[in-house]
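Here's the structure, in C-alpha cells; my notes come after.
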Amino acid sequence: MSLPKKTVMCIVGARPNFMKIAPIMAALDGLAPLSLIHTGQHYDAAMQLLFFQQLGIPKPDINLEVGSGSHGWQTGQIMQRFEPIIETTDPVAVLVVGDVNSTIACALVATKKQVPVIHVEAGLRSFDRSMPEEINRVLTDQLAQLLFTTERSARGNLLREGVEDHRIHFVGNVMIDSLFNHCSKAVIAKETLMKSRGEGAVESCAKGYAILTLHRPSNVDEITTLQRIILLLQQISERIPIVFPVHPRTNAALDRSGLRQKLAQIPGIFPIPPVGYLEMLGLLKKARLVLTDSGGVQEETTALGIPCITLRDNTERPITVEEGTNTVAGIALERVLSIVDDILATGGKSGRIPEFWDGKAAFRIRDVMLGWLDDLK
Ligand code: UD1
Ligand code: UDP
C-alpha cells in the first residue's frame, strides 16, 4: 500500500461526513495536495458507498475498516489504525468534519503526533453532555488549530471554552453546499416510494407525506422510549402518512425490542431502508413536514423551507429554530401533535435561509485554508 505523503488528510467515517467532505475536497482540488481516509465507522453500502458515487467523492486512499462497537472500542480502534498512517505519511494537516467518533479519534491521534487539526462545523453545542456527539465536539474543538463555523453562535461557545479568536472563521455551512449542488439531481420521490413498497405507498402518499428519521441513542436504545415514540407516530400517521428510512441503529433496536411487528401493523407508516442522498433530497423536497432527531436534516429543512419537528429536547443548531423552520419539540405526545396540527393547518412557521448558507461555504474554507497552509511553511 502506498499512501501519498505530505497531504492535507481528510477524514470520513459516518454518513453525515460525506455531504460535508464532498464540497471541501472539490474546492481544494488541484490547489492543495489532498488524501482521503475512510475509517469504516459506517460500512453498509446504503450508509456510505452510495454517497461516494452520488456526491462525486474521490476513492479513499485507505479504509481502516473499523466497523461497529462500543464507544471506547470504536474510538480506540480508529486511533490504533490511524496512528501508523500518520507516521508513514507525515501529513501537513488533518481535516475532520462534524462530531462523530471518527472525528475525535483522528483529531486526537493527529494532535499527539503534532500534526495540526482543522475542524469543519466547530463550536456547535447542545449543552447536553449525555450526547456522545457533544463530547466529541467539545474535545475536537480543544484540539483544533483552525476552526470553521456554520453559524455565528458557535464563536461565542468556542471563546467561552478558551479557543483563541483568531483561529475561528465563520464560513457558513458545507452541508448546504452539497444540498444546493445536488438539489436539481434529486431522484423524484415517487420512484423511491415505488422501489420500497410499490403502488400502495405511492397512492397513500399522493396527497402529502411526512418524512421521519430517527437514530439518537436517547430515542431508540431504550425500549420504553422507542415504544412511546411509536405510539406518537401512530397518532401522527392518522393525520399524514409517514415515510421512514430506518437507520441501522434503529433497525437493530426494533429487532431487539420486538417492536418491529408493532410498527409494521400501523398502516400509515412506510418504513424503508436508508436511502441514498439524491433519493433523500427527492423525498425531502416534496415533504409537507419532517420529523427528525438528525443534525443534518434540521439544517437541510431550514435551507429548503420545509417545516421540521425535532424529536429531541435540545439542538446544537439554534439558528434553525431562531431563523429557520425548525421547532424543538421533544417526544411528548400532546406537544408534538399540536405542532403537527398547526403545520398541517397553516403550513408552519416560515423561516429564512441563515447567513452564509448560500452554497459557497467550501470556497470560503478554501480561501482561509490556502493562506493558513502558506503560513505553516
Ligand atoms: C453515528 C454517530 C452519530 C451520527 C450518526 C449518523 C457517533 C458517536 N455517532 O451514530 O453522531 O449522527 O452516526 O448516522 O459517532 N450499523 C450498521 N451498519 C453500518 C453502521 C452502523 O448496521 O454501516 C449499526 C450497528 O448495529 C451499530 C449501530 O448501527 O452498532 C450504530 O452505529 P455507530 O456508528 O456506532 O453509531 P450511529 O448510531 O450510526
Ligand atoms: N440521509 C440520507 N439518507 C437517509 C437519511 C439521511 O441521505 O436515509 C442524509 C440526510 O439528508 C443528511 C444526512 O444524511 O444529508 C444526515 O445524516 P444523519 O442523519 O445520519 O446524521 P446526523 O446529521 O444526525 O449526524
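The values are calculated or read from the model by the stated rules, or taken from the named source; none is laboratory data. Predicted, not measured: the structure shown is a model, and the values here were computed from it. All Cβ positions, even for glycine, are placed from backbone atoms using ideal geometry, and neighbour counts span all protein chains on display. Accessible surface areas use protein heavy atoms only, side chains included; no ligands, DNA or RNA. Shrake-Rupley method; radii C 1.70, N 1.55, O 1.52, S 1.80 Å.
For the reader, a short list of remarks on this structure follows.
- Within the stretch 1-21, being of a type in the set (Gly, Ala, Ser) and within 16 Å of ligand 1 (Cβ to nearest atom) holds for GLY13, ALA14.
- Scanning the stretch 52-73 for residues that are within 20 Å of GLN145 (Cβ to Cβ), at pLDDT 95 or above and assigned to a strand (DSSP E or B) turns up nothing.
- Hey, ALA22 more than 16 Å from ligand 2 (Cβ to nearest atom), in contact (Cβ under 8 Å) with a residue 12 or more places away in the chain and in a helix (DSSP H, G or I) or not: no
- Applying the criterion of being more than 15 Å from VAL100 (Cβ to Cβ) and among the acidic types (Asp, Glu) to the residues of the stretch 115-165, the residue that is least open to solvent (accessible area, probe 1.4 Å) is GLU151.
- For the stretch 282-351, the helices (runs of 4 or more DSSP H) that sit wholly inside it and include 3 or more residues that are out of contact with any strand residue (DSSP E or B) (no Cβ under 9 Å at 6 or more places or on another chain), within 16 Å of ILE240 (Cβ to Cβ) and open to solvent by 10 Å² or more (accessible area, probe 1.4 Å) are 333-346.
- Applying the condition of being in contact with a helix residue (DSSP H, G or I) (Cβ under 8 Å, 6 or more places away or on another chain) and within 9 Å of ligand 1 (Cβ to nearest atom) to the stretch 22-47 and asking which residue is least open to solvent (accessible area, probe 1.4 Å) yields MET47.
- Scanning the stretch 140-188 for residues that are under 20 Å from ARG317 (Cα atoms), of a type in the set (A, V, I, L, M, F, W, C) and in a helix (DSSP H, G or I) gives ALA154, LEU158, LEU159, VAL174, MET175, ILE176, LEU179, PHE180.
- Figure legend. Inter-residue proximity from the stretch 198-226: first residues in a loop (DSSP other than H, G, I, E, B), second residues open to solvent by 80 Å² or more (accessible area, probe 1.4 Å), beta-carbon distance below 6 Å, spacing 6+ or different chains. Indicated pairs: GLY208/ARG288; HIS215/ARG249.
- Of all residues assigned to the stretch 356-374, none qualifies as being within 16 Å of VAL321 (Cα to Cα), open to solvent by 50 Å² or more (accessible area, probe 1.4 Å) and modelled with pLDDT of 95 or more.
- Meets criteria (closer than 25 Å to ARG15 by Cβ, of a type outside the set (A, V, I, L, M, F, W, C), more than 16 Å from ligand 2 (Cβ to nearest atom) and not in a loop (DSSP other than H, G, I, E, B)) for LYS195: no
- Conditions (1) touching a Lys or Arg at 6+ places or on another chain (Cβ under 7 Å); (2) surrounded by fewer than 18 Cβ atoms within 10 Å (Cβ to Cβ): number failed by GLU199: (1)
- Unique match (being over 14 Å from TRP357 (Cβ atoms) and of a type in the set (Lys, Arg)) among ARG288, ARG317: ARG288
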